[in-house]
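Below is one structure, written out as structure tokens; comments come after it.
The values are calculated or read from the model by the stated rules, or taken from the named source; none is laboratory data. Owing to the predicted nature of the structure, the values given are computational and were not obtained by experimental measurement. We place every Cβ from the backbone using ideal geometry, glycine too, and count neighbours over all the protein chains shown. In case anyone asks, the SASA skips ligands and DNA or RNA and just uses the protein heavy atoms, side chains included. Shrake-Rupley method; radii C 1.70, N 1.55, O 1.52, S 1.80 Å.
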Amino acid sequence: MDLTSYRTLGKSGLIVSPLALGTMTFGAERWGAGNETSRALFDAYVEAGGNFIDTADVYSAGQSEEMLGTFVSDSGTRNRLVIATKSGFPRGQGTPLWGGNGAKNIRMGIEGSLKRLKTDYIDMYWMHVWDRTTPAEEVLQTLAYAIRAGKILHYGFSNTPAWYVAKVATLAEAHGLPKPIGLQYAYSLIDRGVELDLLPAGAEFGLGMVPWSPLAAGLLTGKYGRDKISDASRVPGLPDKAGTVTEGESEGRLNGDNPFGGMLFTDRNFQVVDVLKAVASEAGRSPAEVALAWVAKRPGVSSVLIGASRVDQLTQNIASLDTVLEDQHLQRLEKATALPMLNPYFIFQMPTEMVFGGQQVRGWGTS
């Protein structure tokens with residue numbers, strides 16, 4: 001498999017590469033990539049056959065979109081690329097109208113993104129974050145209007161509860177309006193929380209998952225060791241006391257510029273990394289390649305967001321697509337990363353015999 005092993009994003013006709021190029025690093029000079037490196041990353045991805053590029057209106061205060069728009073325009077590749085962007089987080093301070101999911105902000109977000117991207121339509125538009133305020137009906141009406149106006153082609157949700165997404169999808173189907181096609185959430189060997197509600201919702205409504213942070217902010221590359229954490233500050237299992245990393249050690253990626261901060265550095269997570277390293281050694285691949293291969297092949301995943309600050313990082317990430325993991329490797333990774341038996345989710349996984357009087361019943365579409 002390579003970047004031209006195309007898939008559809010959810011139940012739609014939008015055809016995307018199995019790895020999407022995330023551009024949050026574009027314009028982030030301190031820990032990401034400047035203009036020259038960003039252009040090199042774009043060129044390398046497109047030359048390798050990739051067609052799915054993801055940005056957002058707030059990345060580097062709009063510079064990411066501007067840079068991407070210039071790269072696409074200069075290369076003349078707009079018609080062969082799927083460009084995704086987002087709105088939801090505030091683009092400025094002093095007014096609540098420049099953030100959230102209300103009709104005014106979505107409209108301003110789309111118009112601003114179109115201008116910065118130097119295009120007249122956006123292939124995939126994401127609600128970047130749930131604002132806990134705007135009714136689902138308003139979000140649906142606003143996005144449906146944007147589709148009718150030809151400014152966006154498809155839409156989906158990121159960082160939003162499954163019940164809210166399900167409500168939008170149900171309303172859209174009931175009223176004959178354009179339905180969402182995608183979900184974008186953190187998903188990795190470190191954090192499999194989307195398997196509780198979001199992936200099942202995606203399966204029900206035809207929403208393809210596009211994981212972000214599949215390498216858990218770099219932890220799954222294996223480059224961060226326990227020696228980076230102060231023993232005095234580590235409290236096992238408590239993310240807010242998990243330890244600190246200096247600016248020099250993290251290059252800024254795990255401090256103020258990254259929402260994870262030090263919360264990743266827990267004993268449990270380093271145990272996952274230990275298993276990952278062992279499996280990677282046996283498979284003859286890097287930890288990053290194994291971690292990406294695992295998430296790219298998970299049920300319900302349409303494409304995986306990868307980010308890089310150097311071309312060699314991007315090249316290694318792309319190489320993950322031909323990584324083959326044996327059953328025993330998958331079983332060890334499963335055992336090390338399985339979700340705890342939380343209530344009420346464990347009830348949903350009860351054998352059918354416990355519900356149907358001792359008889360096994362297989363539902364439609366189940367294996």
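If I filter segment 116-138 down to residues being part of a strand (DSSP E or B) and closer than 16 Å to residue 161 by Cβ, which single residue comes out as nearest to the chain's Cα centre (by Cα)?
So the first thing to find is which residues in segment 116-138 are part of a strand (DSSP E or B), and the list is 122-127.
In the following step, the residues that additionally are closer than 16 Å to residue 161 by Cβ were identified as 126-127.
Details: 126: 11, 127: 13 Å.
Only one residue tops the list, namely 126.
Got a number for residues in segment 249-295 being among the small types (Gly, Ala, Ser), in a helix (DSSP H, G or I) and either touching a Leu at 6+ places or on another chain (Cβ under 7 Å) or at pLDDT below 95 (or both)?
At the first step, the residues of segment 249-295 found to be among the small types (Gly, Ala, Ser) are 250, 252, 256, 261-262, 278, 280-281, 283-284, 286, 288, 291, 293.
Subset that is in a helix (DSSP H, G or I): 250, 261-262, 278, 280-281, 283, 288, 291, 293.
Adding the requirement that they be either touching a Leu at 6+ places or on another chain (Cβ under 7 Å) or at pLDDT below 95 (or both) leaves 250, 261-262, 283, 288, 291, 293.
Of the residues in that region, 7 qualify.
Checking the conditions here, which among 71, 89 is open to solvent by less than 10 Å² (accessible area, probe 1.4 Å) and in contact (Cβ under 8 Å) with a residue 24 or more places away in the chain? Give the steps one after another, and end with the answer.
Working: 89 fails: open to solvent by less than 10 Å² (accessible area, probe 1.4 Å).
Answer to the check: 71.
Given the condition β-branched (Val, Ile, Thr), under 30 Å from residue 126 (Cα atoms) and surrounded by 14 or more Cβ atoms within 10 Å (Cβ to Cβ), answer yes or no: does some residue in segment 349-366 qualify? It would help to see each step written out before you state the result.
As a first pass, look at segment 349-366 and keep what is β-branched (Val, Ile, Thr): 352, 355, 361, 366.
Those left that are additionally under 30 Å from residue 126 (Cα atoms): 366.
Then drop every residue that is not surrounded by 14 or more Cβ atoms within 10 Å (Cβ to Cβ), which leaves none.
Taking every residue of segment 349-366 in turn, none turns out to be β-branched (Val, Ile, Thr), under 30 Å from residue 126 (Cα atoms) and surrounded by 14 or more Cβ atoms within 10 Å (Cβ to Cβ).
So residue 310 clears everything in (1) open to solvent by 70 Å² or more (accessible area, probe 1.4 Å); (2) modelled with pLDDT under 95; (3) within 15 Å of residue 188 (Cβ to Cβ); (4) of a type outside the set (Phe, Trp, Tyr) except one condition, right? Which one?
Condition (3) is where residue 310 drops out.
Considering only residues that are touching a helix residue (DSSP H, G or I) at 6+ places or on another chain (Cβ under 9 Å), assigned to a loop (DSSP other than H, G, I, E, B) and without any contact (Cβ under 8 Å) to a residue 12 or more places away in the chain, which ones fall in segment 92-115?
Hit for segment 92-115 is 92, nothing else.
From the list 97, 117, which residue is crowded, with 22+ Cβ neighbours inside 10 Å, among the hydrophobic types (A, V, I, L, M, F, W, C) and at pLDDT 95 or above? Let's see the steps before the verdict.
Values: 97 fails: crowded, with 22+ Cβ neighbours inside 10 Å.
The conditions single out 117.
Hey, among the residues in segment 206-236 that are open to solvent by 60 Å² or more (accessible area, probe 1.4 Å) and at pLDDT below 55, which one's farthest from residue 337 (Cα to Cα)?
Within segment 206-236, the match that is farthest from residue 337 (Cα to Cα) is 232.
Can you go through 136, 203, 144 and tell me which one is open to solvent by 10 Å² or more (accessible area, probe 1.4 Å) and either touching a helix residue (DSSP H, G or I) at 6+ places or on another chain (Cβ under 8 Å) or touching a residue at least 60 places away in the same chain (Cβ under 8 Å) (or both)? Spell out how you get there, then give the answer.
Details: 136 fails: open to solvent by 10 Å² or more (accessible area, probe 1.4 Å); 144 fails: open to solvent by 10 Å² or more (accessible area, probe 1.4 Å).
Criteria check complete, one pass: 203.
Residues in segment 160-179 that are in a loop (DSSP other than H, G, I, E, B) and out of contact with any strand residue (DSSP E or B) (no Cβ under 8 Å at 6 or more places or on another chain): how many?
5
Restricting to segment 1-60, name every residue that is in a helix (DSSP H, G or I) and open to solvent by less than 10 Å² (accessible area, probe 1.4 Å).
Pass one, segment 1-60, residues in a helix (DSSP H, G or I): 35-47, 59-60.
Hits for segment 1-60 are 38, 41, 42, 45.
Quick one: residue 364 ticks every box in (1) closer than 26 Å to residue 204 by Cα; (2) in contact (Cβ under 8 Å) with a residue 12 or more places away in the chain bar one, so which box is it?
(2)
Could you identify the single residue in 176, 193 that is touching a residue at least 60 places away in the same chain (Cβ under 8 Å) and either more than 16 Å from residue 207 (Cβ to Cβ) or touching a Lys or Arg at 6+ places or on another chain (Cβ under 6 Å) (or both)? Before the answer, list the steps.
On the way: 176 fails: touching a residue at least 60 places away in the same chain (Cβ under 8 Å).
The match here is 193.
Any idea which of 340, 344 is modelled with pLDDT under 95, over 13 Å from residue 279 (Cα atoms), open to solvent by 80 Å² or more (accessible area, probe 1.4 Å) and of a type outside the set (A, V, I, L, M, F, W, C)? Even if it seems obvious, please write down each step before you answer.
Numbers: 344 fails: open to solvent by 80 Å² or more (accessible area, probe 1.4 Å).
Criteria check complete, one pass: 340.
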